[in-house]
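Nothing in this text is a laboratory measurement; each read-out follows from the coordinates by a stated rule. Since the model is a prediction, treat every value here as computed from it, not as a measurement. Virtual Cβ from ideal backbone geometry, glycine too; neighbours counted across all protein chains shown.
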Ligand code: GCV
């Protein structure tokens, strides 16, 4: 009797706990961060929506009055942003009675730049082929609508459809007609369409003899082309230009300046209200320091650009590295409109294989003080507009990895308000993307799922810095920009890691002090002296600005060599921790999403080990020093890694074997170290 009573109680308890066990909601990541929201049309139908001309055009005000929820806005665009803000607030549980939220965007121009080619490949794209499907007869309307909605939901209002390494054919009649169809769809979501142009288009398309921006025939060609585009797309946004950079032609080929070129295009689109975004990503192979060149070329042109020209500048002075200081141009140009260029696609942070939340990186940059107008002049306030190189493609989830979607979301949110903090944005994203399991309270979901995921995301970028290139090291990549190649020193010097790390038996690092390339003096004081002085230079940038002996002691008391080894080891440890955390989250996540991240985190760990083995092993060959006793031994001897690269597929994605380890190819020929 007693025994059967105990059994009954135990069975009851088991049943109860089974009932209380959270049941993950099936989802596959194709709804991105709109997964947890009511449809836009439903939210719109539930409010009293009014245009209030007293409000700025893109501003909105959500409030409750007369027993009704209102959304007032300065224009249709503002109304759309207001309804999306309400949709987000609902999903986040912040839309209770008495809600009162007024916002307007910080920048007027908030764009994505797509590096999509007309053959449907995507430069540095890791989510499949071009989402615009240039080579198909039909326009992929459903995908474009989904994209439009996602962009509008975070306040983005412009898209440059094609690669800055542009194909002149984008401006032929056939492509203009196709772009017009895409623009017609995007317009419904408040997104203006822009195009990247090739400087030599008049030559390629119509056989002009020159591309000289002061040549009347060239000027007329661009004016006529602008008229043709605006006839098809009346609200066309304008042009994005990569000129005199990485083999692309430009006005300098005709003895003219960037300002001459940009202003000529500016004049062509000005009658229609168009703009020109002129990139400052320029560097020649002969200069002693690539990091100096944008300031050298653009500072003398300050104040010479037309009103509708804006100079688009990458966040760092080299090229989207896992950590760079901000580009000194942001603190130097005073009479030129500037636009930030962030890279949402993870060209240097593990493609769509690594979990690397970039909100923290962008926050670091936007909040950096340039001292341009005295203390308290952060980058966010010296720029007038913002662009991000998109990470979208034809993959069903649009980004190639659920965690890569977070970077698109974060970019949009920071473009709307650069004063938001990365942690809040990540928290919002998690709650909107991952559906709360049935039978789980908000409180339990926050504690058991949201907080651990937030912890992974907030540490993820620093983990990449640690296992790829810590303490200010940079550009240690092989040609694919995925894996390590510190040994590479053949070819154009500023495309090789050896140019950047300058490691020899005595030390490592790029001397950008006053004794070296004097890059430090491109920053305003007190930053210039802070970076120049070893005692004050931030240690996470120390080898960016200083060449140091291997045995130089950092603030930890460890030598440079010991710190390098420790950081690589820590990076791996961090990814191991992410994996453990994610393993414990299985009960709360839809199997498809859990499996995806589980596999990718394993890849990330193996890649991190490869990075550590290649770099530490290579530097050890150079300095002959033993590993510090408190780091783990290397897994793979350097002899099996040196001169080798990962195998890539047709679209440039690295190949991993059945154990999720990178497939490293044997060298085709032997090269000198
Ligand atoms: C679009 C880096 C990338 C190139 C890119 C270039 C740019 O060099 O590796 O793929 O080209 O930047 O931003 O123009």
Query raised in the report: Taking only DSSP H segments of four or more residues, each worth -39500 (n - 2.57), what value at 222 nm results for the chain once the sum is divided by all its residues, to the nearest 500 deg cm²/dmol?
Result: -11500 deg cm²/dmol
Report task. Please report 33, 610, 544 as a ranked list, fewest other C-beta atoms within 10 angstrom at the top and most at the bottom. Result -> 610, 33, 544
Query - Euclidean distance between Cα centres, the stretch 161-240 to the stretch 486-550, Å - result: 41 Å
Report summary line: Subtracting the Cα-Cα distance of residue 581 and residue 632 from 0.36 nm times their residue separation yields 16.2 nm
Query raised in the report: Efficiency by 1/(1 + (r/R0)^6): what FRET value for residue 506 and residue 417, r their Cβ-Cβ distance, R0 = 60 Å, to the nearest 0.05?
Result: 0.80
Report task. Could you please state, rounded to a whole Å, how far the C-alpha centre of the stretch 354-376 is from the C-alpha centre of the stretch 578-620? Result -> 27 Å
**Report entry** Amide N proximity, the stretch 79-104 versus residue 63 label position 7 Å along Cα-to-Cβ, cut-off under 14 Å
**Finding:** 98-103
Query raised in the report: Hey, any idea what Rg/Rh is for the stretch 235-350, computing Rh the Kirkwood way over Cα pairs?
Result: 0.96
Requested in this report: Would you mind calculating the relative contact order of the chain from Cα pairs under 8 angstrom and at least 6 residues apart, reporting the percent as a whole number?
Outcome: 13 percent
Report task. Based on other C-beta atoms within 10 Å, arrange 580, 461, 178 from fewest to most. Result -> 580, 178, 461
Report summary line: By Cβ neighbour count within 10 Å, fewest first, 494, 649 rank 649, 494
Report summary line: tail above 49 Å in the computed P(r) of the chain, as % of all Cα-Cα pairs, reads 15 percent
Report summary line: The whole-number value in µm²/s of the Stokes-Einstein translational diffusion coefficient for the stretch 115-196, with Rh from the Kirkwood sum over alpha carbon pairs at 25 °C and 0.890 mPa s, is 191 µm²/s
